[in-house]
Amino acid sequence: MNDAQMIHTDLDSVLSAEELTAIDRELSHVPYKSGAAIDALKIVQAKRGWISDQSLQAIAKYLEMSAEELEGIATFYNLIYRRPVGKKVILFCDSVSCWICGCDGIKQKITDVLGINYGETTEDKEYSLIPVPCLGACDKAPVMMVGDDLVTHLDDAKIDELFTDKAKYSGGNT
Amino acid sequence: MEKVLTRNIGADLKPTDLKAYEANGGYRGLRKALAGLSPKDCQDVISASNLRGRGGAGFPTGMKWSFVPMDDRCTPGHKYLVCNADEMEPGAFKDRLLMECDPHQLIEGMILSAYTIGADISYIFIRGEYVAAIQRLRDALAECYNAGYLGDNILGSTFSLNMYVHPSAGRYICGEETALINALEGKRANPRAKPPFPQVSGLWGRPTIVNNVETLCNISHIIDRGADWFNTLGVGEDSGTKMFGVSGRVNNPGCWELPMGTPIREIIEHHAGGMQQGLQLKGFLPGGGSTDFLTDKHLDLAMDYNVIGKAGSRMGTGTIIILDDQTCPVGMVLNLIRFFAHESCGFCTPCRDGLPWSRQVLEDIESGRGHAEDLDTLAYQVGYIGTIGNTHCALAPGAMEPLQSALKYFRDDFERHIYGGCCPYNTARRA
Ligand SMILES: Cc1cc2nc3c(=O)[nH]c(=O)nc-3n(C[C@H](O)[C@H](O)[C@H](O)COP(=O)(O)O)c2cc1C
Ligand code: SF4
Ligand code: FES
């Protein structure tokens, strides 16, 4: 078996049966396979947390498109992660209303408490910090998402509460 | 005032389920249409209601729909109705509320809109961060399929429709309707050239209508109660009610349903409770981050599309962002331009290269490294990037709106930065 063949056999076993079923379901809605590209990326990311090179190649092969083309799509969208992220992603709103209400100071506070900047992940792999466009909660500014939870009316005390005593953090809208 | 869009939204913000929605007149509009109105009848009612799109541009909805080829004029195949629930405009926060609290209102509006244009497939394209709204819409869709409001032969009629919730993978540009269509097709979300317009050739090359969440939420009420009723709701030129919002340092930031044409002063001073203690209003963006600044001289204007347009701005999303007298206008514009530069899809040069250039000049000014010529440079950029037609879509011209009006109203602030060698506001480390 030469190298090229080997890569191919490997790629065929990358995606789980469950992932393939979910991708097939999306394929039934689209007239050609590459039309399900973003959905497939999301499906694979859902369980694995991010899209590795190997996942990317496997999806591309399954959708009969080039890995380069899929890479162009994957890197375009900011909720597709091409690098490993923490268990919870902090999507920090740095748009205009949150800025007026002091989000720069809150961002600094997060960096002080967690020791990470934008694009970084804590050493214990719990949190990654990523800026996000206006979260549509400007009347409760400053705001951010921690995992699936929206956290509003941020101030330094709330950041301390969320991240220094993790056991206390129950999530949810505050 | 009669509540229309928020009739099912209580102070507790609890989502309305199918039973509660039906109990308050829900799906009555749909029953009425399927029992006796043709698609053409429905379109005529929407046209006569003078409903204008709530996504930002204010395009008349009935007219938009009239470009969709109907019956024999349409080649066989699918037609699509897409709800634009991408809501990422900085400072916009109205669609979230409508979807989280009353998902069926949107769905009924979409079923009726699909019926009117003859669509058989519909998507709710929603930003991925709206986790609660996505779940509630999915729950509501399941209720609809069970109750026969979606699927084959809806309520025993010949009309069939499938509806899907499609969470986006991110990026502001996906809200531009042709970029949205590319995203739905699994591609990079670059806007498409127009023509052809989506009404004729949109998703997968088929006729497609893209409407904003709030626009679609109006439809069932108009069909149920008629165009005349809708026309009486506004207190100014435009018809209906509107979700208006205020963010920034006011006492009671929030989002309220009010008559179209409500004076800006009433929204800011009464509903938003006025400025926080010790702050004065310096200016405001009337409809999100890509609208021109207005100032206290404009407070008595009515929130109507043409009134705000004549004052030199746009009603946009109707969500007002307040600039107070202790927040740096240059810093605020820099924040906006940084956003737009970051969100540029990169397709055309004036936007891809021009917005980072504007950002650079503003960064220099804000940090006290600016020069007198910088103001000419900014004016040049506004003239070039801000001209519709020089760019492939409206993102870049929209980005220039707050900048050009800031140069007009707050020029002395720019000059104080340049000649004083630092930011006189020191907002950077506030909080
Ligand atoms: C850069 C850009 C972003 C946009 N984002 C949104 C959005 O998030 N939601 C929306 O409804 N319209 C958005 N629009 C406007 C849409 O292109 C389109 O006009 C709108 O969805 C039409 O709906 P309407 O006729 O019901 O207003 C955006 C436009 C541009 C240029
Ligand atoms: S104006 Fe900006 S966002 Fe629009 S097509 Fe050009 S580069 Fe893309
Ligand atoms: S600006 Fe932060 S939520 Fe809108």
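The values are calculated or read from the model by the stated rules, or taken from the named source; none is laboratory data. Keep in mind that this is a model prediction, so the values were computed, not measured. Heads up, the Cβs are rebuilt from the backbone with ideal geometry, glycines too, and the neighbour counts pull from every protein chain shown.
Things worth noting here:
- Flag not set for A:Lys87, criterion: more than 27 Å from A:Leu41 (Cβ to Cβ) and either assigned by TED's automatic domain parsing to the domain that holds A:Leu56 or among the basic types (Lys, Arg) (or both).
- Counting only helices (runs of 4 or more DSSP H) that fall entirely inside region A:1-111 and contain at least 3 residues that are within 30 Å of B:Gly77 (Cβ to Cβ), the qualifying elements are A:17-27, A:37-48, A:53-62, A:67-76.
- The number of residues in region A:112-134 being without any contact (Cβ under 8 Å) to a residue 12 or more places away in the chain, within 14 Å of another protein chain (Cβ to nearest Cβ) and more than 21 Å from A:Lys47 (Cα to Cα) comes to 1.
- Residue that is nearest to ligand 3 (Cβ to nearest atom) [pool: residues in region A:76-95 that are over 11 Å from A:Leu129 (Cα atoms) and crowded, with 20+ Cβ neighbours inside 10 Å]: A:Ser95
Listed here are the residues, each with its yes/no results for (1) within 15 Å of ligand 1 (Cβ to nearest atom); (2) within 14 Å of chain A (Cβ to nearest Cβ).
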residue	(1), (2)
B:Pro329	no, yes
B:Asn335	no, yes
B:Gly346	yes, yes
B:Cys351	yes, no
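- In summary, B:Arg96 fulfils each of the numbered conditions (1) within 13 Å of ligand 1 (Cβ to nearest atom); (2) among the charged types (D, E, K, R); (3) within 14 Å of chain A (Cβ to nearest Cβ); (4) in contact (Cβ under 8 Å) with a residue 40 or more places away in the chain with the single exception of condition (4).
- Residue tally, condition facing another protein chain (nearest Cβ under 10 Å) and of a type outside the set (S, T, N, Q), over region B:176-202: 7
- Flag if B:Ala142 is assigned to a helix (DSSP H, G or I) and modelled with pLDDT of 95 or more: yes
This table checks each residue for (1) of a type in the set (Phe, Trp, Tyr); (2) assigned to a helix (DSSP H, G or I); (3) over 29 Å from the mean Cα position of the chain (by Cα); (4) under 28 Å from A:Leu154 (Cα atoms).
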position	(1), (2), (3), (4)
B:Gly346	no, no, no, no
B:Cys351	no, yes, no, no
B:Ile365	no, yes, yes, no
B:Tyr380	yes, yes, no, no
B:Gly383	no, yes, no, no
B:Gly389	no, no, no, no
B:Tyr425	yes, no, yes, yes
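- Some residue of region B:130-152 being touching a residue at least 40 places away in the same chain (Cβ under 8 Å), closer than 30 Å to B:Thr391 by Cβ and either surrounded by 23 or more Cβ atoms within 10 Å (Cβ to Cβ) or within 16 Å of ligand 3 (Cβ to nearest atom) (or both): yes
- Test: residue in region B:95-113 that is farther than 21 Å from B:Thr6 by Cβ, modelled with pLDDT of 95 or more and in contact with a Phe, Trp or Tyr (Cβ under 9 Å, 6 or more places away or on another chain): no
- Residues of region B:382-415 classified as within 16 Å of ligand 1 (Cβ to nearest atom), of a type outside the set (A, V, I, L, M, F, W, C) and in contact with a helix residue (DSSP H, G or I) (Cβ under 6 Å, 6 or more places away or on another chain), total: 4
- Pairing each residue of region B:204-233 that is within 14 Å of chain A (Cβ to nearest Cβ) and under 15 Å from B:Leu5 (Cα atoms) with any residue that is more than 9 Å from ligand 1 (Cβ to nearest atom) and of a type in the set (A, V, I, L, M), provided the two are 6+ apart or on different chains, yields C-beta distances under 8 Å for B:Val213/B:Leu98; B:Val213/B:Met99; B:Val213/B:Leu106; B:Glu214/B:Leu5; B:Glu214/B:Leu98; B:Glu214/B:Met243.
- Filtering region B:312-325 for residues that are acidic (Asp, Glu) and in contact (Cβ under 8 Å) with a residue 24 or more places away in the chain leaves a non-empty set.
- Counting the residues of region B:47-93 that are under 21 Å from the mean Cα position of the chain (by Cα), more than 16 Å from ligand 3 (Cβ to nearest atom) and within 30 Å of B:Glu343 (Cβ to Cβ) gives 18.
- Selected residue [within 14 Å of chain A (Cβ to nearest Cβ), more than 13 Å from ligand 2 (Cβ to nearest atom) and aliphatic (A, V, I, L, M)] from B:Leu395, B:Leu403: B:Leu403
- Looking only at region B:106-126, residues that are more than 17 Å from the chain's Cα centre (by Cα) and either of a type in the set (D, E, K, R) or in a helix (DSSP H, G or I) (or both) come to 10 in all.
- Some residue of region B:236-253 being at positive phi, away from ligand 1 (no atom under 16 Å from the Cβ), out of contact with any Gly (no Cβ under 8 Å at 6 or more places or on another chain) and more than 14 Å from chain A (Cβ to nearest Cβ): no
- Residue match in region B:143-162 (condition: in contact with a Gly (Cβ under 7 Å, 6 or more places away or on another chain) and within 16 Å of ligand 2 (Cβ to nearest atom)): no
- Filtered residue count, region B:364-376, keeping only those that are surrounded by fewer than 16 Cβ atoms within 10 Å (Cβ to Cβ) and either under 17 Å from B:Met400 (Cα atoms) or of a type in the set (A, V, I, L, M, F, W, C) (or both): 2
- B:Gly170 meets each of the listed conditions (1) touching a residue at least 24 places away in the same chain (Cβ under 8 Å); (2) over 17 Å from the mean Cα position of the chain (by Cα); (3) not in a helix (DSSP H, G or I) apart from (2).
- Filtered by the rule that a residue be closer than 21 Å to B:Asn231 by Cα and without any contact (Cβ under 8 Å) to a residue 40 or more places away in the chain, region B:13-46 gives B:Lys40, B:Asp41, B:Asp44.
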